Amino acid sequence: MIHIVFQRNDVDVLKEAMALDMQLDGEIIQVMDDWAVGPIQDIYNSEGISARKQWWREVLSGGDYDGIVDDGSLADDHRMVSGLTERLREHSNEVVWIWAAQNKHDVSGYYWLISQLKEFQGRIYILYLNNLPFISLKGNIFYPVNLFDIPSREFLKAKKLARPVTIAEFELDSDEWQRLANERKAVRLLEGGKKLTQEDADFFDTALRTFITAEWQRASRIIHHYLSRATHITGDAYLLWRLKGIAAAGEIDVQGEVRKMKDFEIKTKEMHPTADVVPS
């Protein structure tokens, strides 16, 4: 059995669940890219893949994750899928469980992945935890947004949700991902179920500006406040990129080297009064 998840913390909690239930035992593969942001047009050919890598280079340039696109520290999702399909062809009894929770990161990753596994219909299972109640560590009922929010013991219940991806889903979900790609937008949002909408790259800017005050704050502090309070969130690297764009446009005051999020401080633009003109 092969398990596919979309976030680092998902790997950890699934390993804990495996220790409680040997029926879940198997290899865990994480999809590394954040498919909820960035260009996705022509994403299954070399041109589209190269364009996306270049976009990430620009987003991460000079920041805390500068260089990771090319330094080999991250697994290549496309290479992972190639290896996975080869393995499935060689081992006809192998099955794949795709785990996804109710968030744009997981759903976008699912859409990117699913069309590449069509030939294995009947062996690809989905566990989509959409608006399903679970019991928290404190014994309260809650609806998890992320897979890793679920206590490991609750995975014994979650595994019962596994079902084969249908032929119709392979077709419709692949078409939906292509439709999104054709829109050429940079930000994907989850409306509910598996319905994604899209916005332009500057979508987060308006909300991000509300956390910039008249007092100097490090960019890292503003990003932390945004992630803990905003309705729509994304990765800290993306938010740093957007803050740098706002700064480059001269919309805010900046001090320090505008590189990593702890390197510089920002505040709202100081307005200097204009001198009164005295008529002659």
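Observations
- Region 159-192, subset over 26 Å from Met1 (Cα atoms) and part of a loop (DSSP other than H, G, I, E, B), residue farthest from the chain's Cα centre (by Cα): Arg184
Residue by residue, here is whether (1) under 19 Å from Gln198 (Cβ atoms); (2) of a type outside the set (A, V, I, L, M); (3) more than 14 Å from the chain's Cα centre (by Cα); (4) assigned by TED's automatic domain parsing to the domain that holds Pro164 holds:
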{"site": "Asp21", "(1), (2), (3), (4)": "no, yes, yes, yes"}
{"site": "Asp25", "(1), (2), (3), (4)": "no, yes, yes, yes"}
{"site": "Met32", "(1), (2), (3), (4)": "no, no, no, yes"}
{"site": "Ala51", "(1), (2), (3), (4)": "yes, no, yes, yes"}
{"site": "Val59", "(1), (2), (3), (4)": "yes, no, yes, yes"}
{"site": "Ser73", "(1), (2), (3), (4)": "no, yes, yes, yes"}
{"site": "Glu94", "(1), (2), (3), (4)": "no, yes, yes, yes"}
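- Taken over region 87-110, residues that are surrounded by fewer than 18 Cβ atoms within 10 Å (Cβ to Cβ) and not basic (Lys, Arg) amount to 6.
- Qualifying residue in region 200-207 (condition: in contact (Cβ under 8 Å) with a residue 40 or more places away in the chain, under 17 Å from Asp106 (Cα atoms) and surrounded by 15 or more Cβ atoms within 10 Å (Cβ to Cβ)): no
- Some residue of region 45-59 being assigned to a loop (DSSP other than H, G, I, E, B), surrounded by 14 or more Cβ atoms within 10 Å (Cβ to Cβ) and among the small types (Gly, Ala, Ser): no
- So Leu132, is it in contact with a Pro (Cβ under 9 Å, 6 or more places away or on another chain), surrounded by 14 or more Cβ atoms within 10 Å (Cβ to Cβ) and not small (Gly, Ala, Ser): yes
- Breaking point among (1) of a type outside the set (Asp, Glu); (2) crowded, with 19+ Cβ neighbours inside 10 Å; (3) under 22 Å from Lys104 (Cβ atoms); (4) not assigned by TED's automatic domain parsing to the domain that holds Ala100, for Thr210: (2)
- The residues on offer are Leu14, Leu113, Leu84, and the sole one that is modelled with pLDDT under 95, outside any loop (DSSP other than H, G, I, E, B), surrounded by 13 or more Cβ atoms within 10 Å (Cβ to Cβ) and touching a strand residue (DSSP E or B) at 6+ places or on another chain (Cβ under 8 Å) is Leu14.
- Residue-level check: of (1) at pLDDT 95 or above; (2) over 30 Å from Ile43 (Cβ atoms), Thr197 misses just (2).
- Meets criteria (closer than 20 Å to Ile43 by Cβ, surrounded by 15 or more Cβ atoms within 10 Å (Cβ to Cβ), at pLDDT 95 or above and touching a strand residue (DSSP E or B) at 6+ places or on another chain (Cβ under 8 Å)) for Ala186: yes
- Cross-chain or 6+ apart pairs with Cβ under 6 Å, region 95-113 first and closer than 16 Å to Ile28 by Cα and in contact (Cβ under 8 Å) with a residue 40 or more places away in the chain, then buried (at least 23 other Cβ atoms within 10 Å of the Cβ) and small (Gly, Ala, Ser): Asp106/Ala100; Tyr110/Ala100
- Exclusive hit being exposed (fewer than 12 other Cβ atoms within 10 Å of the Cβ), in contact (Cβ under 8 Å) with a residue 12 or more places away in the chain and outside any helix (DSSP H, G or I), set Asp70, Asp64, Asp42: Asp70
The values are calculated or read from the model by the stated rules, or taken from the named source; none is laboratory data. This one's a predicted model, so the numbers in the text were calculated from it and none came from an experiment. Cβ: placed from backbone, ideal geometry, glycine included. Neighbour counts: every protein chain shown.
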